Amino acid sequence: MDIHWRKSSKSSDDEDSNCLELAQHEGEILMRESDNPDVIIHTTRTKLRAFLDGAKEGEFDNLA
């Protein structure tokens with residue numbers, strides 16, 4: 001499976017860094033943690049958009 005994973009420019013370039021990575025593959029959005037790349041979450045663009053909109057509005061600030 002040829003997948004191009006992307007991470008935020010806010011993430012560290014260290015190999016040991018713990019980053020979330022996203023990719024698009026066959027119409028799905030994939031998400032994984034860089035330190036555990038074998039576990040992949042599959043979602044849709046619509047669900048990701050709803051999450052990102054909530055994050056931009058601060059709905060999850062208490063978790064960070």
Around Ala55: net Lys/Arg minus Asp/Glu count, Cβ-Cβ under 12 Å: -2
Cross-link partners of Lys10 among aspartates and glutamates (Cα-Cα below 16 Å; sequence separation of 8 or more within a chain): Glu21, Glu33
Lysines whose Cα lies under 21 Å from that of Lys47, excluding same-chain neighbours fewer than 8 positions away: Lys7, Lys56
Dipole of the chain, positive end: most advanced residue of Thr46, Ala23, Ile3 [Cβ charges, Cα centre]: Thr46
Options (i) -0.49, -0.70, -0.90, -1.01; (ii) -0.59, -0.80, -0.99, -1.09; (iii) -0.53, -0.84, -1.14, -1.23 - which one matches log10 I(q)/I(0) by the Debye sum over Cα atoms at q = 0.15, 0.19, 0.23, 0.25 Å⁻¹ as calculated here: (iii)
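No lab work stands behind these numbers, since they all come straight from the coordinates. Keep in mind it's a predicted model, so treat the numbers as computed, not measured. Virtual Cβ from ideal backbone geometry, glycine too; neighbours counted across all protein chains shown.
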